[in-house]
Structures are given as structure tokens and as C-alpha cells.
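Worksheet for the structure shown next.
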Amino acid sequence: MALSMLMVALENIEPEVAASVAIAGGVLALIVAGLFTYQLKSYNDGSVAFRKEGEWVRPLPSKDAENGQPSAFYVPGCENWSAEQKKNFQFGAPNGKKISDIVQDGARAFLNTEYKWLSAFVAIMFVVICIMLRKDDAELDGLYTGISFLIGAFLSASAGYLGMLIATASNVRTTVACHTSMLRGLNVAFRSGAVMSLCVVGFGLLGLSILQLIFQGDEDILDTKSFDYLSGFGFGASSIALFARVAGGIFTKAADVGADLVGKVDAGIPEDSPNNPAAIADNVGDNVGDVAGMGADLFESYVGSLIAAGSLAANTNDLALAYWVAGFGVLSSLIGITLVMKRNLSNDATLEELLWTIRYGIFLAGFLVIGFSLMCCLLMFESEAAWNRFGCIVVGLVAGIVIGLFTEYCTSYDYQPTIDIDAAAPTGGATVIIKGLGVGMLSVVVPTFAVCIAILACDEFAGQYGIALAAVGMLSTLSITLATDAYGPVADNAGGIAEMSGEEFPEYARDRTDALDALGNTTAATGKGFAIGSAVLTSAGLIAAFTNDAGVTIVDLTAPVVLAGVMIGACMPFVFAALTMLSVGSAAQSIIVEVTRQFRLYPGLRTEEIQAPLKVGDEVLPNHGRCIAICTSSAIKEMLIPGMLAVFAPAVIGFLMGTYGLTGMLVGSLTSGFMLAVSMANAGGAWDNAKKLREKNGKAQVRAAAAMLKAGEISQDVYDAVDHAYHKLHEATVTGDTVGDPFKDTSGPALNILIKLMSVVSLVMAPVLKDLEAPSGFSTDGTLWAAIVFFAALILTLLAMMYFNKVTPAAAPTKDDLELATEAALAMKAAGGPAKGAAGAGVGAGAGVADVDITVDAETKPAPAANGAEAAAEAGAAKAADAAPAADAPVVQES
């Protein structure tokens, strides 16, 4: 009886009731995020002196015998401690804490600089939206949409910023926790990722549902006009997501590529060696790209799916279903998160065991969402409609899981595709790259079929609304799926801190952070596949909402304007990916030159032995702050052109070619962007884990050889041969990983934002384009507006580029090894031969670069450069002297 009364009451849900579960879910998410943040503060960040039961204990240090000064770990008064006090003492990790603070300061400085520029962009776009959407019969339409735009941008930026702060505060806590157990380290890292995901979900649900209720007013039936205004919310979220993803991706991969090529490949020092000036910049980049960028990305997908569902909803029950599924998804995800953190885990757990720890939580959350969704559907709709809508939700969830699992298969080093890439290392970097490209291209097949089946099935179940509902279902467990992704950079930073801290952390702690890092690499790749799949369904829903609002009924693909639009749209992802790839290359070159300069001034940095900081002139080397500043400046500058292209291209095409041409463009960009994004992300992930696999197996063999050498069982020559063979194979996989870095962390992830952003911009503009009454384009007014938008975007971009070129002078031109060697040979010849010749210039990446100071408009300012010209001359003389033949050496001439 009570159930019957409840079903009758839910037959026609009022808007306030529809939004109630979403609001409750958002509040719950933020409360738990605050609780997790409070709990994270209780973990040792390296500065805690006394340990709790069972935590890591280190030997008690003594004063330095030479100068009587306390050592790094000395605690005043420890000589008078009792045996019990000494037993219970836990040393902090001052070096690790210091590195963590530098990473957090660098990430904060970058985001502050980025958000300063984005604030100007948001202000300009607010004015444009208010003017463009203002109508004589609806003067406030533009203002309401503009307010939604501001709130969406603010909440997206806030979610990314808070996630970054928590992640950078949790990295050293994860390192210290790994001394106790791997499970404790996993809990710290995963809890920090959950804070990020819960902020994204909480801000999205609260912001969207509260705004919808405000715009809805006192109406008892669904006011679809409110979702026209809320399209601005999605536009604001998309704008922040695009720039955050692109700029963060450029930052992290410029530092990563520079650190790898000069540090690992050229100098042969470990990846996270404190000697490498770009190592900390790499750790900063992990946070601004894979935490703040990914958070803003999925925030946009999350709210975009709800906006699409609301725009296509036929009544308040359809709207309520989308909101309720999202709200109950928060509760389901929290239960899954709890399961992950409560599972038993051994300290020597394999990657497969770690993966199943995460999978159990995700699968449990998915099953719970299915149960809650079935309950909601049966209560709100009649039998057939209920099962149809339930089918859409299940299809979306299953499609997301299939895409994630197949991405894991393609990128995890436990499976054959990545093993095959590593097996190509003996024949060099070229074959590693070829294998990776092949894996990436083949990896699009299963995700494509999964998305196609989802679109066809959901359209059959509930029309275009069903497609949007499937996106809501796929993203309903975002609280746990995003946590598994945001966890990765924390674990990566934890491993880097363990290595950069020297002997502060024992080997077994580093092994545990390496295992968590490998898990993070796989979950990050899986998260990128999930993000791309959800972006396709969200974009499909947004495109359907656009055609509905713009009055587009039947699209004829044979119509010239539609076909031209499809071709332009298919071209857009390639242009966008090329721009971001070139940006990474340009920024990485600046880092390579800078790291080489510091290596030249302080040659000891090129060794594996950790070196103490050295003051050269007015600069202390290694100068990590300078690399962070260069990455910041380069990333902000290089994000402009790709960002402007994505924002303004739909407006230009819409005004010029009409709604039909714009529809063709959206479809073309969706199809090619999806394929390209999946291919690039999976190829990059496979290359990365192939390198990890080579390091895992190769380092074990080198350590075994070192043990045999120490025991006198082998000679030094045999050990050197083992070490040399490992480094040669490792270099090949590093080459593949270096190519894959911008694939998986810059261009690939940014493409899914591109297709969503163009869709939501089109949805915002739909009322204006509809009023032009020229669906096939090329009207007088439309062409004029297209020209105005194009030139306005061009002028804004040029002005910004001129400013950056003014504050950031172009780097001095470099000379490659062949040019430098040839100049040295010609100078020697002109001087009369080896006996009379002057020393030539040094050879090496960046050796021919005159040192220039780089002024950066950021909070992290580079330290002033030392007198690099003199150092370069000295280094050049030394290298040329080494290269010159000895007096008694035989001379070989070509016949």
C-alpha cells in the first residue's frame, strides 16, 4: 500500500523534488571530502618526530664529529633519552618535506598565473555572451546565461585548485606511509584522489541543481528555458577544462621530456635524481596536468551530461531520473571507496593484485548504481518506459567499464601489447615507436564498438534523451573512477620524493612507491579511456540538444554545406593535436637547453651520486625554480592558440555556414577526435609502461650482478657489461616513452575536451543561429558576424602573444653537435693545424647557447643566471682538448 502511494506521488515530480537528491548527493560528497582532508592531515608529512605503534623506526643519529654541528636528523637532547624513548623515536623526512613544499609552491604558482589569464578570458566572454544572446523580447537571456558561465568557470577552477592542493600535500605523506605498509601508502594516495573526485562531483551537482531551481522559478512543470541558461554553465566549465588541460599538459610534458632526454638518456642518472634540475618541475607538472587538468575535464563531462539530459527531457520525471542517478551514484561510490581502503594487501603485492583492489571498489559501486537506478525507474515510470530508461543507464555503465578494461589491457605491462613493445627494445627506439603506434591504432576498435552499441541501443530505448541518460549512467560512479585517476600523480610524486631524498628513505619504501606508481600509470591510462568514452556520449547528447534548440530536423550528408562542415570538423582534432604537440616540443627544447646549461656549470650533477647544492656566481645549482618558471611561462604562452581555436571555431563556422554546416562540423570533430584521442592516449600509456617493465626487470638484473660483484663471484668487466646492456635497452624504451608523453598527457586528453567544448559552444549559440533563419549558411548577416568573430579572436590572440614575447624573450638559437664540431675543425684548420689550433666550442645539447635570463610573469621567478659565457668557453676548451688527437697518435686519412 505504501509503495503504491509512493509510486502515485512520483508520477509527476515537481522540480524541487527532482533536484533534491542531487543536492543531497552534492552535500554528502563535500562533507566526505572535508572529512578525508581532515584525516589526511593526521598522517606523517615528514616533520613528525614521534611515531605511532608499528610505524617505521630509524637508527638514532649523532652529532657530526668533524664540526660539532647537528646532522640533518639530529634531535637536540637525544643524548639524555631513555632506551624506551630511543626505541619509540621516528625520524621525520626533512628532505622529503622540503621537496614536497617546493612541488606545492611551484604548482600553486603555475595555477595562480594560469587562472589570472583565464580570469581575463572569462570576463571578456561574459560580456560577449551577455551582448550576443540579448533579445528585444528577452533582454535578460544573455545575462542569465552569462551568470551561469561565470559560476561554471569558477566551480571548475575551484575543483581543480583544491584537488591540486590536496595532492601536493599528500605526496610526502604517501612516501612516509609506505614505510609502514603498502596498504597504508595506498590509503593515503587514494584518499587524496577521492578528495579531488568528491569536490568535482559535489560542486557539479550543487551548482547545476541550485541554478536550475533558481531559473525554474515557481513553475510546476519543467521549464526547458532554464537549461538554455545552464548551457552557459557547461561553457564556463569547458573553457576552464580546455585551458587547464592544455597548459597543464604542456607544463608536465615539457619538464618530463627535458628531464628524460638530458638526465636519463644523456647523463644516465635516475629519473627522479635530485641532481636533475627538471626533476621537481616534472613532479609539479604531474599535479597541474593530471590532477587539476583531469579534474576540470571530468567536471565538464559530468555537468555536460546532466545539461544534455535536462535539455532533452520531456518532463520533470526525466529530469529527476538523471539527477537521482547522479545523486545515488555519490552514495554508491563512497561505499566502493571504503572497500578499496579496507581491503587486505601484502607489502609485496603484484600489479594484478593492486589492480583488483581498485576494481572491486569500482565494480561494487557500479552494481549499487544499477540497483538504485532500477528502483528509481520503477517508481517514476510505467513498466515499459521504466525498463527502457533503466536499459540506457546500464548500457552507459557497461560501456564505460568495457572501455576502461580494454584500455587497461592495452596499456598494463601485465598484458601482451605492452610486453611486445618492451620486447622490441633490443632493435632500438624506432621499433619501439612502431610497435606503440600499432597498439594505439588497434586500440580504437573495442571502444568504438562499445560507443556505437551504446548509442544505437539507447536511441532505440529512449531516443536522443536515452543517449544523454547513458552518459549520466557512465559518469554516475565518477566519485570513485576519478579517484583512481587522481591517485596516480600522488603515487608518482611519492616515488620521486623517495628517490630525491637520498638515504632518507630505505630501499623497500622506494619499491613500494614504485609498485603504487605502476598502478597509478595503469589507472591513469584507464581513466583517460573512460574520460574519452564519456566525452563521446556527452558530446552526442549535447549535439542532439543543439539540433533540437536550433531547429535542425533532418541533416542531409550529401548537401555540400553539410559535407564541407564534416570535413572541417574532421580536420579540427588533427590541427589541435598538432598545435599541442608542437607546443610541448618547443617548451621541452627550452628545458633541455636550461638543464644542459646547469650540467655544464656544475658537471657533478651528471653523476648518479647525489650532489650537494653549489653556488656558481649568484646562482645555486641545481636551480629547480628556474625550470619551473620556464615551464610556467611556456605553458601559458603555448595554450593560447589551441584554446582560441577551440572556442571560436564553432562560432565562425556557425555564422558562416549556418546550423546545418555547424552540425556537420560537430559530427566530423566527434568521430575523428574520438579515434585520435583513444589512439594517442593508449599508445602513450603503452610506451610508458613498457619503460616501467624494462626498469622493473632490468634493475633487478643489475642489482643481482652488483651483489655477485660484491661477493667476488664476477669481475668488474662482467658487471659493467650487464649495466651497459640494461642502459642500452632502457634507452630504447625511454625513447618510446618520450614520444608518448605528449600523446597521453597533452594532446590525447585535450581532444575529448575539444569535442565537448565545441558542442557546448554550439548549444549556447543555438538561439542566435536559429534567429538568423539561414540554416544553410552564407547569409549577409551571418557572414558579417563570422568576420567579426574571426578578427576579434585573431586580434585578442595576437595581443596576448605580443605581450608574452615581450616579457619572455626568445631563446638564443642553438647549434647541434655537427655544427659545433665543424666550426671547431674549421677554426683548427685556419689556425694551422692541431699544434697551433685554438680550442673549439663545447659539443652537446645546448652547448652553443649563450646564456640568457628568462623573465617570467609568474610567482616562481627564476634565479639570475651565472656567467655562462665563461663557463661555456671553459667547457668548450676542455671538450675540444679531449677531442684533439695526441701528438703520437696515428693519423687516419680517407683515401
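Given the conditions (1) among the acidic types (Asp, Glu); (2) within 19 Å of the chain's Cα centre (by Cα); (3) more than 30 Å from Leu579 (Cβ to Cβ), and given that Asp717 satisfies all but one, which numbered condition is not satisfied?
Evaluating Asp717 over (1) among the acidic types (Asp, Glu); (2) within 19 Å of the chain's Cα centre (by Cα); (3) more than 30 Å from Leu579 (Cβ to Cβ) leaves (2) as the failure.
Looking for whichever is of a type in the set (D, E, K, R) and under 30 Å from Leu437 (Cβ atoms) here; the options are Asp737, Asp771, Asp781. Which one fits?
It is Asp737.
Tally time: how many residues in segment 591-620 are open to solvent by less than 40 Å² (accessible area, probe 1.4 Å) and under 31 Å from the mean Cα position of the chain (by Cα)?
10
Taking the condition of being hydrophobic (A, V, I, L, M, F, W, C) and either farther than 21 Å from Ala457 by Cα or outside any helix (DSSP H, G or I) (or both), how many residues in segment 525-545 meet it?
The number of residues fulfilling the criteria is 1.
Yes/no per residue for (1) buried (at least 23 other Cβ atoms within 10 Å of the Cβ); (2) at pLDDT 85 or above; (3) part of a helix (DSSP H, G or I):
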| residue | (1), (2), (3) |
| --- | --- |
| Ala430 | no, yes, yes |
| Lys435 | yes, yes, yes |
| Gly440 | yes, yes, yes |
| Glu460 | no, yes, yes |
| Ala491 | yes, yes, yes |
| Ala509 | yes, no, yes |
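What residue, of Phe505, Phe461, is touching a residue at least 24 places away in the same chain (Cβ under 8 Å) and over 30 Å from Glu382 (Cβ atoms)? Give the steps one after another, and end with the answer.
Details: Phe461 fails: over 30 Å from Glu382 (Cβ atoms).
Just a single option satisfies the conditions, and that option is Phe505.
If you check Val562 against the conditions, is it of a type in the set (A, V, I, L, M, F, W, C) and either farther than 29 Å from Ala247 by Cβ or not in a helix (DSSP H, G or I) (or both)?
Numbers: of a type in the set (A, V, I, L, M, F, W, C): yes; either farther than 29 Å from Ala247 by Cβ or not in a helix (DSSP H, G or I) (or both): yes.
In short, yes.
If you take the residues of segment 758-809 that are among the aromatic types (Phe, Trp, Tyr), surrounded by fewer than 18 Cβ atoms within 10 Å (Cβ to Cβ) and modelled with pLDDT of 85 or more, which of them is farthest from the chain's Cα centre (by Cα)?
Selected residue: Phe791.
Yes or no: segment 269-282 includes at least one residue that is of a type in the set (A, V, I, L, M), at pLDDT below 80, out of contact with any Pro (no Cβ under 6 Å at 6 or more places or on another chain) and open to solvent by 10 Å² or more (accessible area, probe 1.4 Å).
Initial filter on segment 269-282 (of a type in the set (A, V, I, L, M)): 269, 278-281.
Next cut, at pLDDT below 80 only: 269.
Add one more test, that the residue is out of contact with any Pro (no Cβ under 6 Å at 6 or more places or on another chain), and what stays is 269.
Now drop any that are not open to solvent by 10 Å² or more (accessible area, probe 1.4 Å), which leaves none.
Scanning segment 269-282 turns up no residue that is of a type in the set (A, V, I, L, M), at pLDDT below 80, out of contact with any Pro (no Cβ under 6 Å at 6 or more places or on another chain) and open to solvent by 10 Å² or more (accessible area, probe 1.4 Å).
Does Met680 meet the test of being modelled with pLDDT of 90 or more, aliphatic (A, V, I, L, M), surrounded by fewer than 18 Cβ atoms within 10 Å (Cβ to Cβ) and assigned to a helix (DSSP H, G or I)?
The answer is no for Met680.
In segment 704-723, how many are over 21 Å from Pro426 (Cβ atoms) and not in a loop (DSSP other than H, G, I, E, B)?
7
Tell me, please, whether a residue that is more than 30 Å from Val340 (Cα to Cα), out of contact with any Lys or Arg (no Cβ under 8 Å at 6 or more places or on another chain) and of a type in the set (A, V, I, L, M) can be found in segment 151-161.
yes
Which numbered condition trips up Ser100, out of (1) of a type in the set (S, T, N, Q); (2) in contact with a Gly (Cβ under 9 Å, 6 or more places away or on another chain); (3) modelled with pLDDT under 80?
Only one criterion is unmet by Ser100, namely (3).
At pLDDT 85 or above, in contact with a Phe, Trp or Tyr (Cβ under 7 Å, 6 or more places away or on another chain), assigned to a helix (DSSP H, G or I) and farther than 30 Å from Leu769 by Cβ: is that true of Leu111 in this structure?
The answer is yes for Leu111.
Give me the pairs: first residue in segment 807-829 and under 16 Å from Ser590 (Cβ atoms), second residue modelled with pLDDT under 60 and surrounded by fewer than 17 Cβ atoms within 10 Å (Cβ to Cβ), beta-carbon distance under 7 Å, and six or more apart or on different chains, which are they?
So the pair list comes out as Val807/Thr855; Thr808/Thr855; Pro809/Val852; Ala811/Val852; Ala812/Ala850; Ala812/Val852.
When you scan segment 316-323, do you find a residue that is modelled with pLDDT of 85 or more and not in a helix (DSSP H, G or I), even just one?
No, the conditions are met nowhere in segment 316-323.
The values are calculated or read from the model by the stated rules, or taken from the named source; none is laboratory data. Just so we're clear, the structure is a prediction, and the values are computed from it rather than from any experiment. As a convention, Cβ positions derive from the backbone with ideal geometry for all residues, glycine included, and neighbour counts pool all protein chains shown. Heavy atoms of the whole protein, side chains included, go into the accessibility calculation; ligands, DNA and RNA do not. Shrake-Rupley method; radii C 1.70, N 1.55, O 1.52, S 1.80 Å.
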